[in-house]
Amino acid sequence: SGTFSEKLRVPEALTFDDVLLRPMESRVEPDDADVATHVSKNVKLEIPILSAAMDTVTESDLAIAMAREGGLGVLHRNMTVEETADEVARVKQAHELVIRRENVVTANPEQTVSDVDKMMGREGVSGAPVVDTDDTVLGIISATDIRPYLEVGESDAVSEAMTDEVITASEDVTAREALELMYDYKIERVPIVDEQSRLVGLVTMQGVLERREHEYAARDESGRLRAGVAVGPFEIDRATAADEAGADVLFIDCAHAHNLNVIDSAREIKSLVDADVVVGNIGTREAAQEIADFADGMKVGIGPGSICTTRVVSGAGMPQITAVSEVADVASKHGIPVIADGGIRYSGDAIKAIAAGADAVMLGSYFAGTDEAPGRVITMNGKRYKQYRGMGSVGAMKSGGGDRYLKDADEEDEFVPEGVEAATPYKGTLASELHQLVGGMKSGMGYVGAETVPEVKAAARFVRVSAAGQTEGHPHDVMITDEAPNYSPQNE
Ligand code: XMP
């Protein structure tokens, strides 16, 4: 029972540009900083980065690239439930150490050598296990075995040319064990067999080397890449399909998860799936309290996104640094990881979000310009761009997605969008963008003297920045002649 004028005695809410990290005593060299973190109670990542569930950002190609670099891609949901299951399967099956039986090219012993030669050329492989009709492994044939026969014995049977002393391994073989076999026996592929010597898969040298190259990749217990999936709060079918397809984390994808119907449904989804369930988006401590009993993670962001018009359209929102800190106050008491989603333009913003209490950050615009993001490169006035649009934009809603923002509209002019359609500069590979992002965050860890993500959360302090201080912080009084890989004045 206050007065209206009392309502205007309001707390201040801050965002990225309002604050800077206070430089502190340090022995931390940025290269030694450890950025491993949890995105949800049971999922740990080597880098604290997620890609946004948007149809111009994360489909399986980008999700695979994210997981290989150690982060997590969150597949968007502007697609059918079947397509979601397929996309999850594509990520989970990408770069598996053991190629599954159905994807292994095999030969049969009665085939002719020239026949197998053609088949291997067509399939783009340089060797194939030779199997009986019941899949018993009889031998293995490679281009090297075939070569001497091509002159004289093209019509000889494969059983003549193949190597019949095959080195095999069982399904639980590790990359190291497979590599040892390959070195010891000077072979490039090891068929994987069950107890009856039947073929169940194949490990190749290429597969082992690829595994070594991405030692920080985000993998589940059985070594498959991790996949995140966005599901609508009421999409029980998408949630269970994604879970069955092997999704590691489901993200309840809602613009205002402090809606009690949304929370009821999210709680039901949590009870039906094995995957972790991250609930969002929220931006206040009250919302965090409401979901703390069941959420495996909390995602924060009410209107900070680069393509987002929620705050101007609805008049509601929470500046992101304050929002993250309020949610983290509650989440940290319950051991629940917090993800800061939206508004991150620079690596400095990302480490500020962590200092404010986040365990990981989610970015959309930062990744939309990469090769792995959906969509093609367009050229305007000699500069290259890729499309980037809000999931609450007219375009995204029209193509089926944005029920996150949709109020019962079936006609286009009835949409009340909360996002815009835009273009973002083309940026090259995801790996190079991530390198800049993570490198900048580690640099921040050096300045605050924190060696790990939990240390940043605990020890980092902020100072408030004035408008003049902010101008001082960007390049000023010069004309930039060469664009830096991690700073573009267009971002301002
Ligand atoms: P950035 O700043 O990284 O933000 O591009 C990505 C995040 O923005 C959110 N998002 C939207 N917010 N209207 C909104 O208000 C929209 O149309 C929209 N689409 C995406 C989302 O949380 C995403 O991760």
From the options 396, 460, 355, 450, residue that is touching a strand residue (DSSP E or B) at 6+ places or on another chain (Cβ under 7 Å), modelled with pLDDT of 95 or more and crowded, with 24+ Cβ neighbours inside 10 Å: 355
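Looking at segment 27-44, can you tell me whether even one residue there is in a helix (DSSP H, G or I), within 16 Å of the ligand (Cβ to nearest atom), closer than 25 Å to residue 324 by Cα and hydrophobic (A, V, I, L, M, F, W, C)?
Residues of segment 27-44 in a helix (DSSP H, G or I): 30-32.
Those still in the list that are within 16 Å of the ligand (Cβ to nearest atom) too: none.
Within segment 27-44 (the criterion being in a helix (DSSP H, G or I), within 16 Å of the ligand (Cβ to nearest atom), closer than 25 Å to residue 324 by Cα and hydrophobic (A, V, I, L, M, F, W, C)), the answer is no, since none of the residues qualifies.
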Subset of segment 152-202 [touching a helix residue (DSSP H, G or I) at 6+ places or on another chain (Cβ under 9 Å), surrounded by fewer than 16 Cβ atoms within 10 Å (Cβ to Cβ) and over 25 Å from residue 224 (Cβ atoms)]: 153, 154, 155, 156, 160, 163
Segment 322-333: number of residues that are within 14 Å of the ligand (Cβ to nearest atom) and touching an Asp or Glu at 6+ places or on another chain (Cβ under 9 Å): 0
Every pair of residues 6+ apart whose Cβ atoms lie under 6 Å, when the first sits in segment 81-100 and is over 9 Å from residue 60 (Cβ atoms) while the second is acidic (Asp, Glu) and assigned to a helix (DSSP H, G or I): 81/237; 95/210
Test: residue 79 is hydrophobic (A, V, I, L, M, F, W, C) and surrounded by fewer than 16 Cβ atoms within 10 Å (Cβ to Cβ): no
Selection count where residues are assigned to a helix (DSSP H, G or I), out of contact with any Leu (no Cβ under 7 Å at 6 or more places or on another chain) and surrounded by 22 or more Cβ atoms within 10 Å (Cβ to Cβ), scope segment 89-112: 0
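Given the structure, is residue 235 farther than 30 Å from residue 448 by Cα and at pLDDT 95 or above?
Details: farther than 30 Å from residue 448 by Cα: yes; at pLDDT 95 or above: yes.
Yes, satisfied.
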Set 57, 19, 43: member being among the hydrophobic types (A, V, I, L, M, F, W, C) and touching a Gly at 6+ places or on another chain (Cβ under 6 Å): 57
Subset tally (residues that are touching a Ser or Thr at 6+ places or on another chain (Cβ under 8 Å) and part of a helix (DSSP H, G or I)) for segment 327-350: 2
Test for residue 336: is it within 13 Å of the ligand (Cβ to nearest atom) and surrounded by 24 or more Cβ atoms within 10 Å (Cβ to Cβ): no
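Only residues that are buried (at least 17 other Cβ atoms within 10 Å of the Cβ) and either of a type in the set (Lys, Arg) or more than 9 Å from the ligand (Cβ to nearest atom) (or both): list them for segment 298-313, please. Outline the logic, then answer.
Start the filter on segment 298-313 by keeping residues that are buried (at least 17 other Cβ atoms within 10 Å of the Cβ), which leaves 298-310.
Residues satisfying the conditions are 298, 299, 300.
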Enumeration of residues in segment 58-110 that are basic (Lys, Arg) and out of contact with any strand residue (DSSP E or B) (no Cβ under 6 Å at 6 or more places or on another chain): 68, 90, 92
Some residue of segment 423-441 being modelled with pLDDT under 95, of a type in the set (A, V, I, L, M) and either at positive phi or within 24 Å of the chain's Cα centre (by Cα) (or both): yes
Of all residues in segment 113-133 being out of contact with any helix residue (DSSP H, G or I) (no Cβ under 9 Å at 6 or more places or on another chain) and assigned to a helix (DSSP H, G or I), the one that is surrounded by the most Cβ atoms within 10 Å (Cβ to Cβ): 119
All positions within segment 447-480 that are closer than 18 Å to residue 17 by Cβ and in a loop (DSSP other than H, G, I, E, B): 460, 461, 465, 466, 474, 475, 476
Test: residue in segment 427-446 that is without any contact (Cβ under 8 Å) to a residue 12 or more places away in the chain, in a loop (DSSP other than H, G, I, E, B) and closer than 27 Å to residue 25 by Cα: no
Selection count where residues are over 24 Å from residue 215 (Cβ atoms), within 32 Å of the chain's Cα centre (by Cα) and part of a helix (DSSP H, G or I), scope segment 178-195: 0
Options 316, 247, 242, 295: the member that is away from the ligand (no atom under 16 Å from the Cβ) and either farther than 24 Å from residue 56 by Cβ or not small (Gly, Ala, Ser) (or both): 295
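Any idea how many residues of segment 204-229 are among the charged types (D, E, K, R) and surrounded by 14 or more Cβ atoms within 10 Å (Cβ to Cβ)? Can you show your working first?
First pass over segment 204-229, keeping only residues among the charged types (D, E, K, R): 210-213, 215, 219-221, 224, 226.
Pick out the ones that are also surrounded by 14 or more Cβ atoms within 10 Å (Cβ to Cβ) and you get 210-211, 219-220, 224, 226.
Adding up the residues that qualify gives 6.
Out of everything in segment 283-321 that is of a type in the set (Val, Ile, Thr) and touching a helix residue (DSSP H, G or I) at 6+ places or on another chain (Cβ under 9 Å), what residue ends up being farthest from residue 359 (Cα to Cα)?
Filtering segment 283-321 for residues of a type in the set (Val, Ile, Thr) gives 284, 291, 300, 302, 307, 309-310, 312-313, 321.
Now narrow it down to the ones that are touching a helix residue (DSSP H, G or I) at 6+ places or on another chain (Cβ under 9 Å): 284, 291, 300, 302, 307, 321.
Details: 284: 17, 291: 17, 300: 11, 302: 18, 307: 23, 321: 13 Å.
Only one residue tops the list, namely 307.
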Of all residues making up segment 152-177, the number that are assigned to a helix (DSSP H, G or I) and either over 32 Å from the mean Cα position of the chain (by Cα) or closer than 19 Å to residue 93 by Cα (or both): 6
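Given the condition within 15 Å of the ligand (Cβ to nearest atom) and touching a helix residue (DSSP H, G or I) at 6+ places or on another chain (Cβ under 8 Å), answer yes or no: does some residue in segment 265-280 qualify? Before you say what the answer is, go through the steps one by one.
Of the residues in segment 265-280, the ones within 15 Å of the ligand (Cβ to nearest atom) are 278-280.
Add one more test, that the residue is touching a helix residue (DSSP H, G or I) at 6+ places or on another chain (Cβ under 8 Å), and what stays is 279.
Yes: one or more hits.
Name the residue that is farthest from residue 455 (Cα to Cα), counting only residues in segment 342-372 that are among the hydrophobic types (A, V, I, L, M, F, W, C) and within 12 Å of the ligand (Cβ to nearest atom). If you could, list the steps in order and put the result at the bottom.
Going residue by residue through segment 342-372, those that are among the hydrophobic types (A, V, I, L, M, F, W, C) are 344, 350-351, 353-356, 358, 360-363, 367-368.
Imposing the further condition that a residue be within 12 Å of the ligand (Cβ to nearest atom) reduces the set to 344, 350, 353, 361-363, 367-368.
Details: 344: 21, 350: 15, 353: 13, 361: 16, 362: 20, 363: 22, 367: 27, 368: 30 Å.
Only one residue tops the list, namely 368.
The values are calculated or read from the model by the stated rules, or taken from the named source; none is laboratory data. The structure presented is a predicted model; accordingly, all values stated were derived computationally and were not measured. Quick reminder, even Gly has a Cβ in these numbers, built from the backbone with ideal geometry, and neighbours come from all protein chains shown.
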